[in-house]
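Here's the structure we're looking at; comments come further down.
The values are calculated or read from the model by the stated rules, or taken from the named source; none is laboratory data. Everything numeric in this text was worked out from a predicted model, so none of it was measured. Every residue, glycine among them, receives a Cβ derived from its backbone with ideal geometry; neighbour counts consider all protein chains shown. When the accessible area is computed, the model is the full protein with side chains, heavy atoms only, and any ligands, DNA or RNA have been set aside. Shrake-Rupley method; radii C 1.70, N 1.55, O 1.52, S 1.80 Å.
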Amino acid sequence: MAPPQTGSDRAPATIAVDDQLPDGEATSAVRRAPFSENPEVGARGQRTQQRILDAAQQVFGERGYHRSGIAHITKVAGCSRATFYQYFSGKEDVFRQLTGQVARQLRASTEALSALTDDLDGWRATRAWVGRHADIYERYEPVFHAFQAASDSDEAVAPAAARTAERNVARFRSKVASTTLPPRKLDPVLSLLMECLTRAHETARLLRSAAPDAYPRERVEDALADVMHRTLFGLRADVNVHPPAACRPPTLAFGPVMRDALRRGDTTHELTAAGRRTFTALVDSGRDVFVTRGYHGTRIDDVVVAAGLSHGAFYRYFEGKEQLAQTLAVRAMRNVSTSLIEIPGPAHDGSPDRAALRRWLRRYNATQATEAAMIRVWVDATLEDPTLRADSAAATDWGRRVMTRFLRPRDFGDVDTEAVVMLALLSAFGTRERPAAMTDAAAHIIERGLLGR
């Protein structure tokens, strides 16, 4: 199945907010009125502001966006609320400034790109850019994870991130020396590749949490650079193909809780007609509430009110919100799993069946866009539970193995690691409804970047 959706799920290629300034320009640290007649601060004030930002990152990572508050941030930062309010109006303001830092670093990284050419120098430039992106992701991982929750609460976050993403695509395009793709087709391809890049970092880190030695960062970054370079310039065996690892990665197994949930399947056929109506009302309302409020922000009271039912009705079917979220997540995973299994193989001559692939991508997008939000909610719940997190890794590994079987007939390169890249690509593609141009972009990346056609 597609990798469970983490905090950056629905984000554009980058999640950075530009602080309402052109291209995410930096601003000096200032105190907010009415805390000082002279708002400019010196080195000490800048250190205090950064200490609060670092503390916020830690809190967002440990508690998630919705459950983080100013009290948690000031405790970790070792400062008073009054000091906090000298620099920030609230946690929303903190998050915007953190994403502003991400925006500036991503901009600098893309501007540092050398010319992207079809030779080894062009691959090395791509590989260096991928490595810088991974460094930024590693430094700001809690911000990436908290993005969707923050954008749900702050209407300024997503539009600003989209603007930053568009600018990064334009900067990257300006570095491409030559390609057979016209600009109207190149931009969607670059945009989707950038989304895939972030998702691949997340997917690899999740797999490493269960199999630490199986997906070293360097190998994943080589695979990303290979796929990107092949997408732009075609297969070059001596440039953008790396051999597989000496040992294949292990198969990750589900834990007992998820195994039991998957084994049970859909038991609604055992209910009476009235029972099915009640169960369906709880499930439908629960999905809406979870998606709107997030896992930690959802209460059973919210679900029963939305369903127009009593607490007693809820507890006839579920032990608590954890079981409801798991039920919804299992249903979503089954739907996505079915879609992944149906990915079309090559045509009779061994080449990609392009029409079938595009039809499948449209179906997959429709399924994944519907289910992605609920899978994200479930993953939010797993962040604080190592047992559930292991199940997230197992679900991701199942999808990786499906992608490995799809790629293996191509007979070149590091199929096991590039399967992680393909899974990340499909996960990014499926996070929201996509226009025809993005479907074509996904097909192009699969055909040229992954299959080498």
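Stretched out fully, how many nm does the piece from D353 to R334 gain, at 0.36 nm a residue minus the Cα gap?
The D353-R334 span can extend by a further 4.3 nm.
Calculate the FRET efficiency for A177 and R299 from the Cβ-Cβ distance with a Förster distance of 41 Å, rounded to the nearest 0.05. Mind showing how you got there, number by number?
On the way: r = 56 Å, r/R0 = 1.36.
It comes to 0.15.
Please state the relative contact order of the range 46-113 as a whole percent: Cα pairs under 8 Å, 6+ residues apart?
Across the range 46-113, relative contact order equals 30 percent.
Among 155-167, 393-405, 193-205, what's the highest-first ranking by average C-beta atoms within 10 angstrom per residue?
Answer by packing, highest mean first, reads 193-205, 393-405, 155-167.
Specify whether the C-alpha gyration tensor of the range 84-177 places it in the rounded, prolate or oblate class, a ≥ b ≥ c being the square roots of the eigenvalues: rounded for a/c under 1.5, otherwise prolate if a/b is larger than b/c and oblate if not.
Verdict is prolate for the range 84-177.
How would you rank 323-335, 225-237, highest first, on the average number of other Cβ atoms within 10 Å across their residues?
Ranking, from highest mean packing down: 225-237, 323-335.
What is the calculated FRET efficiency for R81 to T370, with r their C-beta to C-beta distance and R₀ = 41 Å, to the nearest 0.05?
0.45
Hey, which lysines would be in cross-link range of K75, C-alpha to C-alpha under 27 Å, not counting anything within fewer than 8 residues on its own chain?
K75 reaches K91.
For the range 328-342, just list the computed ³J(HN,Hα) in residue order, Karplus coefficients 6.51, -1.76 and 1.60, θ = phi - 60°, integers in Hz, with x standing in for Gly and Pro.
My calculation for the range 328-342 gives 5, 5, 4, 4, 5, 5, 4, 5, 5, 4, 4, 5, 5, 4, 7 Hz in order.
Take peptides 132-139, 180-187 and line them up by average Cβ neighbours within 10 Å, highest first, as a rough protection proxy. Walk me through the numbers before you get to the answer.
Working: 132-139: 17.6, 180-187: 13.0.
Packing order, densest peptide first, comes out as 132-139, 180-187.
In angstroms, what radius of gyration and Dmax does the range 118-224 have, counting Cα atoms only?
Rg then Dmax for the range 118-224, in Å: 15.5, 45.
What are the equivalent ellipsoid semi-axes of the range 172-227, built from the alpha-carbon gyration tensor (square roots of five times its eigenvalues), in whole angstrom, biggest first? Intermediate values should be presented prior to the final figure.
Details: eigenvalues 167, 26, 10 Å².
Working through the eigenvalues yields semi-axes of 29, 11, 7 Å.
In nanometres, what is the gap between the two model label sites at R363 and E92, each 7 Å from Cα along Cα-to-Cβ?
4.3
Could you state how much accessible area H242 has, in square angstrom rounded to the nearest 10, with a 1.4 Å probe and all protein chains kept in place?
So the heavy atoms of H242 present about 50 Å² to solvent.
For I341 and E166, what does the FRET efficiency come to when R0 = 45 Å and r is the distance between their Cβ atoms, rounded to the nearest 0.05?
Working: r = 35 Å, r/R0 = 0.77.
Efficiency for this residue pair is about 0.80.
Could you list which residues have their amide H under 5 Å from that of L116, counting only those 5 or more apart in sequence or on another chain, with H placed in the peptide plane?
V176, A177
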